[in-house]
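The values are calculated or read from the model by the stated rules, or taken from the named source; none is laboratory data. Remember, predicted model here, so these are calculated numbers, not experimental data. Using ideal geometry, Cβ is built from the backbone for each residue, glycine included, and neighbour counts are taken over all protein chains shown. Surface areas here come from the heavy atoms of the whole protein model, side chains and all, with no ligands, DNA or RNA. Shrake-Rupley method; radii C 1.70, N 1.55, O 1.52, S 1.80 Å.
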Amino acid sequence: MRKLSIAVVLAVVASFAFASVASAHTLRYPTAKKLATKLAVKQEQKDPVESWRIFGAERISAHEIVWVYNVDYTDGSLCDAELVVRYTVKSNGKPIAKAFFRDVHCER
């Protein structure tokens, strides 16, 4: 009976440890939103922008979230894009979140 109790306790502890490690590499919305906003502000500094907004977040997987990005430039053109935030693995094996634009469409 004692061995069974020890086995049950070890199994419970192992399941908690595995769950915390598995969720450690899940991309969270607040983290992804910060990276997406940072990329949008960086784009605003490069080009003369009248206004921009990020909306419509969609989780593609545990490692990727996609937003719709709209921007109005001062020259009158309007652009829509998908702003993707994704976990990638560096050469040293550590995950890092990166943001980039995808499917950019502009109208004049």
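Looking at the stretch 34-72 only, could you name the residues that are among the charged types (D, E, K, R), open to solvent by less than 80 Å² (accessible area, probe 1.4 Å) and within 12 Å of the chain's Cα centre (by Cα)? Before you say what the answer is, go through the steps one by one.
First pass over the stretch 34-72, keeping only residues among the charged types (D, E, K, R): 34, 38, 42, 44, 46-47, 50, 53, 58-59, 64, 72.
Then keep just the ones that are open to solvent by less than 80 Å² (accessible area, probe 1.4 Å); that gives 44, 47, 64, 72.
Answer for the stretch 34-72, where residues must be among the charged types (D, E, K, R), open to solvent by less than 80 Å² (accessible area, probe 1.4 Å) and within 12 Å of the chain's Cα centre (by Cα): just 64.
Each row is one residue, and each column tells you yes or no for (1) closer than 30 Å to residue 76 by Cα; (2) among the basic types (Lys, Arg); (3) modelled with pLDDT of 90 or more.
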{"position": "8", "(1), (2), (3)": "no, no, no"}
{"position": "12", "(1), (2), (3)": "no, no, no"}
{"position": "24", "(1), (2), (3)": "no, no, no"}
{"position": "36", "(1), (2), (3)": "yes, no, yes"}
{"position": "43", "(1), (2), (3)": "yes, no, no"}
{"position": "49", "(1), (2), (3)": "yes, no, no"}
{"position": "52", "(1), (2), (3)": "yes, no, yes"}
Q: Can you confirm whether the stretch 73-85 contains a residue that is open to solvent by less than 70 Å² (accessible area, probe 1.4 Å), outside any strand (DSSP E or B) and in contact with a Cys (Cβ under 6 Å, 6 or more places away or on another chain)?
A: yes
Q: Could you figure out which of (1) loosely packed, with under 12 Cβ neighbours inside 10 Å; (2) modelled with pLDDT of 85 or more isn't true of residue 16?
A: (2)
Q) Considering only the stretch 88-108, how many residues are open to solvent by 60 Å² or more (accessible area, probe 1.4 Å) and touching a Pro at 6+ places or on another chain (Cβ under 8 Å)? A) 1
